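The values are calculated or read from the model by the stated rules, or taken from the named source; none is laboratory data. It should be emphasised that the depicted structure is a prediction, and the values quoted were computed from it without experimental measurement. Virtual Cβ from ideal backbone geometry, glycine too; neighbours counted across all protein chains shown. Heavy atoms of the whole protein, side chains included, go into the accessibility calculation; ligands, DNA and RNA do not. Shrake-Rupley method; radii C 1.70, N 1.55, O 1.52, S 1.80 Å.
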Amino acid sequence: MTSILGISAFYHDSAAALVVDGEIVAAAQEERFTRRKHDPGFPKQAIQFCLEKAGLGPQDLDYVGFYDKPLLKFERLLETYLSYAPRGFRSFRLAMTEWLNRKLYLRRELDRGLQKAYKKRYIFTEHHESHAASAFFPSPFEQAAILTLDGVGEWATASFGIGEGNRITLRKELHFPHSLGLLYSAFTYFCGFRVNSGEYKLMGLAPYGQPVYADRILERLLDLKDDGSFRMDMSYFNYCQGLTMTSAKMAKLLGGPPRKPETPLSQREMDIAASIQKVTEEIVLRMARHLHQETGMDNLCLAGGVALNCVANGRILREGPYKEIWVQPAAGDAGGSLGVALFIWHQLLGKERRTGAFDSQRGTLLGPSYGDDEIRAFLDQRKVQYRTLEDDELYRHIVDHIVDGRVIGWMQGAMEFGPRALGARSILGDPRSPEMQSVMNLKIKFRESFRPFAPSVLRERVQDYFETRPQEDSPYMLLVAPVQESKRKRAVESRDVTGLDLLKIPRSEVPAITHVDHSARFQTVDSERNPRYHALISEFESRTGCPVLINTSFNVRGEPIVRTPEDAYRCFMATEMDTLVLGNCVLWKEEQPEAERKAAIGYERNFELD
Ligand SMILES: [Fe+2]
């Protein structure tokens with residue numbers, strides 16, 4: 001037996017993944033344990049979980065891999081500093097203090113994290129090698145082109161390559177400071193959202209605006225080539241030398257200063273969001289086409305933080321030259337832990353890689369799970385009111401609640417690895433309800449009303465609701481597609497309705513999940529990988545004819561997705577969620593003690609905004 005632990009840490013989204021004899025056994029992000037979103041610390045608890053799941057101790061591991069090369073990264077920081085000295089001294093000092101304290105002593109840190117019980121060698125892959133490995137090795141393809149896109153690793157900010165059998169080969173890289181991830185993050189910052197976590201908000205805001213700045217961005221900020229490579233005019237940016245992302249010149253170009261966080265959103269931010277989204281899609285499409293010309297591959301694998309841009313992914317699939325694409329569900333740095341572990345198994349040890357109908361990531365349900373015994377023990381100890389229902393009764397009963405307009409907390413089986421909730425730690429609701437989007441945003445998530453919700457749809461019926469191919473697979477909710485014409489409502493468009501007011505016009509038979517541009521970020525649910533969730537949606541379909549539910553992550557704003565029954569109960573009590581399902585146990589909000597409800601008031605203030 002060969003056991004390989006992969007680790008990503010000390011940047012953002014620390015995580016651990018365990019591969020035993022080529023099987024992905026477990027993977028989790030540290031934030032779910034520490035309850036600190038994007039936790040960059042050493043993933044001590046995630047490692048412990050992975051080892052426990054396999055019944056191993058650190059001494060039993062054959063290899064431990066780390067997802068990037070710290071000395072190369074140090075070199076980048078140093079060279080960047082030297083080329084901007086003395087302007088960058090403050091940011092340099094901040095970065096260096098951190099480095100000298102931790103990252104340069106990585107081996108020592110790793111030894112300590114593994115309780116000094118692991119005595120074998122550490123293997124370090126390059127950052128984009130880890131992303132590329134995480135994109136190709138778990139994919140269902142025998143061969144594919146690989147594209148990785150993120151902020152920055154050591155030097156690379158994008159890489160091109162191919163995967164064949166059990167090997168990946170990277171052929172080209174784009175280097176810092178020219179970076180699509182950092183470009184998108186700079187605009188995230190400019191619009192008043194937090195870098196490395198608010199990028200989703202910017203993407204969600206884009207459909208409300210017009211891309212009026214797109215030409216300006218393409219003309220002034222970028223020198224974009226046909227192959228998708230580009231150079232950025234760094235006088236508009238500040239991330240090499242300063243503590244902000246953009247410079248005063250950027251503010252001049254976009255007609256005013258950056259938006260202050262938490263101030264009201266204006267049409268300008270929506271237009272900026274629409275503009276940078278359009279530019280991003282243009283760059284990604286050019287890169288994808290160029291890569292196809294160079295490699296001639298039918299399939300494409302994607303990873304890196306930019307691969308979470310589901311709108312760009314949807315366009316590659318629908319407009320690009322590829323037959324199929326596969327996106328690593330933990331596309332950000334968390335997924336690097338899985339990448340390095342699989343890299344060691346296939347590429348270093350030369351072990352065979354077998355592909356099948358599905359990818360090898362098992363629905364990415366790779367995290368901790370809790371059996372009904374554990375759930376009941378927790379509920380009994382807390383003296384919580386609940387009932388236990390058999391499967392069929394449970395599905396019928398929960399569908400009653402959903403049809404009644406109740407909002408359901410739904411926790412089943414192993415937690416998802418990656419940023420999306422996929423029916424294991426989800427909040428569910430009726431997508432046919434016109435009020436659901438604002439109810440769920442304001443009363444459940446305590447967040448901005450414009451944030452769109454995503455649908456889960458039975459895979460066998462995806463084409464009835466979305467403009468996709470028959471049974472198109474999007475198990476990880478990383479694709480956007482238009483809602484079917486036949487399901488759309490002829491909205492009464494008016495020139496007077498702009499910006500966020502557009503939200504109030506129902507756009508389809510499933511308005512809660514239809515964005516203002518008639519698109520949706522859909523997840524397909526199949527009975528093989530997600531049987532309980534599939535059974536619930538099927539019950540909803542047989543009752544209503546609609547094979548779709550709203551699926552949003554089980555958390556409030558700024559909170560990592562819940563992991564344990566206790567996390568779920570706390571979040572349930574703190575919000576206006578109506579029903580909580582933990583395995584086969586069902587809790588009604590109205591039956592919970594008033595004192596518990598009062599104690600939970602203000603819970604969301606424990607979490608920083610993103
Ligand atoms: Fe990355």
Worksheet item: What do you reckon, is Val403 buried (at least 18 other Cβ atoms within 10 Å of the Cβ), touching a residue at least 60 places away in the same chain (Cβ under 8 Å) and of a type in the set (Val, Ile, Thr)?
Response: no
Worksheet item: Does Ala303 satisfy the condition of being closer than 26 Å to Leu180 by Cα and within 16 Å of the ligand (Cβ to nearest atom)?
Response: yes
Response to the item:
Exactly one of Met297, Met270 is away from the ligand (no atom under 16 Å from the Cβ), closer than 27 Å to Thr148 by Cβ and either surrounded by fewer than 23 Cβ atoms within 10 Å (Cβ to Cβ) or modelled with pLDDT of 90 or more (or both), and that residue is Met297
Item to complete: Look at Leu394 and say whether it is surrounded by 19 or more Cβ atoms within 10 Å (Cβ to Cβ), within 16 Å of the ligand (Cβ to nearest atom) and not in a loop (DSSP other than H, G, I, E, B).
Response: no
Discussion item. I'd like the full set of residues that are assigned to a loop (DSSP other than H, G, I, E, B), open to solvent by 20 Å² or more (accessible area, probe 1.4 Å) and not hydrophobic (A, V, I, L, M, F, W, C), limited to the stretch 198-212.
Written reply: Gln210, Pro211
Discussion item. Can you pull out every residue in the stretch 369-390 that is over 21 Å from Phe33 (Cβ atoms), of a type outside the set (A, V, I, L, M), outside any loop (DSSP other than H, G, I, E, B) and more than 30 Å from the chain's Cα centre (by Cα)?
Written reply: Asp373, Arg376, Asp380, Arg387, Thr388
Discussion item. Going by what's in this entry, would Ala135 be described as modelled with pLDDT of 95 or more and in contact with a Gly (Cβ under 7 Å, 6 or more places away or on another chain)?
Written reply: no
Worksheet item: Got a number for residues in the stretch 406-426 being on the phi > 0 side of the Ramachandran plot and surrounded by fewer than 24 Cβ atoms within 10 Å (Cβ to Cβ)?
Response: 1
Worksheet item: Which condition breaks for Ala307 when tested against (1) modelled with pLDDT of 95 or more; (2) crowded, with 24+ Cβ neighbours inside 10 Å; (3) among the small types (Gly, Ala, Ser)?
Response: (1)
Worksheet item: Consider Pro321 against the criteria (1) in a loop (DSSP other than H, G, I, E, B); (2) under 21 Å from the mean Cα position of the chain (by Cα): it satisfies all of them except one. Which criterion is unmet?
Response: (2)
Discussion item. Condition first: under 14 Å from Thr355 (Cβ atoms), surrounded by fewer than 19 Cβ atoms within 10 Å (Cβ to Cβ) and not charged (D, E, K, R). Now tell me which residues in the stretch 163-184 satisfy that.
Written reply: Gly165, Asn166
Discussion item. Among (1) assigned to a helix (DSSP H, G or I); (2) within 23 Å of the chain's Cα centre (by Cα); (3) not small (Gly, Ala, Ser), there is one condition Arg220 misses while meeting the rest; what is its number?
Written reply: (2)
Discussion item. Being in a loop (DSSP other than H, G, I, E, B), of a type in the set (Lys, Arg) and either touching a Phe, Trp or Tyr at 6+ places or on another chain (Cβ under 7 Å) or under 21 Å from Arg570 (Cβ atoms) (or both) is the filter here; which residues of the stretch 415-447 pass it?
Written reply: Arg420, Lys445, Arg447
Item to complete: Search the stretch 118-136 for residues that are within 12 Å of the ligand (Cβ to nearest atom) and pair each with any residue that is charged (D, E, K, R) and in a helix (DSSP H, G or I) when their beta-carbon atoms are under 9 Å apart and the residues are at least 6 apart or on different chains.
Response: His127/Lys73
Worksheet item: Looking at the stretch 140-165, which of its residues are charged (D, E, K, R) and within 15 Å of the ligand (Cβ to nearest atom)?
Response: Asp150, Glu154
Discussion item. Show me the helices (runs of 4 or more DSSP H) entirely contained within the stretch 503-610 in which 1 or more residues are under 23 Å from the mean Cα position of the chain (by Cα).
Written reply: 531-544, 565-574
Worksheet entry | Condition met for Thr188 (under 25 Å from the mean Cα position of the chain (by Cα), open to solvent by less than 10 Å² (accessible area, probe 1.4 Å), within 15 Å of the ligand (Cβ to nearest atom) and among the β-branched types (Val, Ile, Thr)) | no
Response to the item:
Of the candidates Gly314, Gly256, the one satisfying the condition of being open to solvent by less than 50 Å² (accessible area, probe 1.4 Å), part of a loop (DSSP other than H, G, I, E, B) and more than 16 Å from the ligand (Cβ to nearest atom) is Gly256
Discussion item. For the condition in contact (Cβ under 8 Å) with a residue 24 or more places away in the chain, in contact with a Gly (Cβ under 7 Å, 6 or more places away or on another chain) and not charged (D, E, K, R), what is the one hit in Gly363, Gly305, Gly356, Gly320?
Written reply: Gly305
